[in-house]
Structures are given as structure tokens and as C-alpha cells.
Amino acid sequence: MSSQLAPMPSPQFTASAESALAPPARYVRFGSFHLDFRKEELLKDGTRVKLQGKVYQALLALLEKPGEVVTREALCKRLWPSDTHVNYDANVNTTVNKLRQVLGDSPDQPVFVDTIPRKGYSFVAAIEYLNQPPPQQAEKPEGSSFSAAQAASGESKSSLLRAALSSKWFAAGVISLVVAGMLFGAALMLYSHRGI
């Protein structure tokens, strides 16, 4: 089974509907991300990441040529048909910036997408192709929506509640509210009897 998880070379491919060429494997891994070509899903540490259509296409275009420059013109042709009337420069910039946001990347210190001034962009992270699902995706049951992070979050909330309940300030606040309620009730009673 470990031979199925071995990295594969990164040949050029086009994973778009128009192309007859297919990606060399079902999954590609880079950093803490995994891209499932068949489902067209991006996962980070096994959790699905929301990815807009144009942003997904830009990611594919960059992954097709890792380490190489993908020109702005090539991205424009890939993302918009030739008869589309848009501001290509602004839209390419916006799309790549959205991709960087999804990946948690920075144009100043790129980990995944580097800007090549006056030329285009390059995918600079190491990638590997896999035929089997990534380990954390394979181990995660499909119907399970309760994760370890959610369990830890619930534990921290309950410990915070316990700490608040045992706090002297909490007890003083409750006593103050009870006394204030009693005084308000007494004032209402006096006011209502005074009018009689």
C-alpha cells in the first residue's frame, strides 16, 4: 500500500473538461492541502475548503506547471472565453488574490503562489501526486461531522463555565442581582400601595 502513496513525477496536464489529457493521479498534495481532481475539492487537513470556480481553475492552471511561469495571458484564456468582455488584468489579480486567501498565502512571502513581475505567476510549493486518498481523509468517517477540534472546543467551554461558576466574582454578581431584584420588587410594592 505504501507504494501507492509514493510521490509521482509532476508531468504537465490539463484537468479541464475541454482537454483529453488527465492528471497523473486522482490527488495532488501540497503543504497541508490536498486537491481531489475527480470531486474537484480542495481539502486542508482533511476539511473541505470552499473554492469558487474561477479560483479553482486558476489553481489548476498553476498546478499544471509547478515551478514554471504561468503568464497572465494564459490565465485569462483559461478563465474567460475570448468573447467575454471583462477587465482581464483586474480580474486575474482578484482571482489570484482570492486563491492566496484560500491558501493562507502572502504575496510578500509566498509559500504557494509567487508573482513574477510583468509576466505572471508561479506555483512554488513542492507537490506530489497520489493515487490513494491522503491519510487524514482516508481515516475520517464520511458521516462524522464531530471532530477532535470541536471536542476540544467543547471541553474548553465547559472548563471555562466551571471556572466562572466557582469564581468569587460570579457569586458576588449573582448575589447583587438577587438583592437588586428584591429591592426593585419592594419599590414596586410600595409604589403600588401608595396610590391606593
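Output yes when any residue across the range 88-104 is outside any helix (DSSP H, G or I) and modelled with pLDDT under 90, and no when none is. It would help to see each step written out before you state the result.
We begin by selecting, within the range 88-104, every residue outside any helix (DSSP H, G or I); these are 104.
Within this subset, residues satisfying the condition of being modelled with pLDDT under 90 are none.
Within the range 88-104, none of the residues are outside any helix (DSSP H, G or I) and modelled with pLDDT under 90.
For residues that are of a type in the set (A, V, I, L, M, F, W, C) and at pLDDT 85 or above, scanning just the range 167-185, find the one that is nearest to the chain's Cα centre (by Cα). First the steps, then the outcome.
The first filter runs over the range 167-185 and keeps only residues of a type in the set (A, V, I, L, M, F, W, C), leaving 169-172, 174-175, 177-180, 182-184.
The next check asks that each one be at pLDDT 85 or above; those that pass are 175, 177-180, 182-184.
Values: I175: 45, L177: 44, V178: 46, V179: 49, A180: 48, M182: 51, L183: 53, F184: 51 Å.
Within the range 167-185, the match that is nearest to the chain's Cα centre (by Cα) is L177.
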For this session: Please list, ordered by first then second residue, the pairs with beta carbon atoms under 6 Å, 6 or more apart or interchain, first in the range 37-52 and closer than 19 Å to T95 by Cα, second surrounded by fewer than 16 Cβ atoms within 10 Å (Cβ to Cβ).
Result: E41/R48; L42/V49
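The values are calculated or read from the model by the stated rules, or taken from the named source; none is laboratory data. Here the structure is a predicted model, which means the values were calculated and not measured. Glycine gets a Cβ as well: all are built from the backbone with ideal geometry, and neighbour counts include every protein chain shown.
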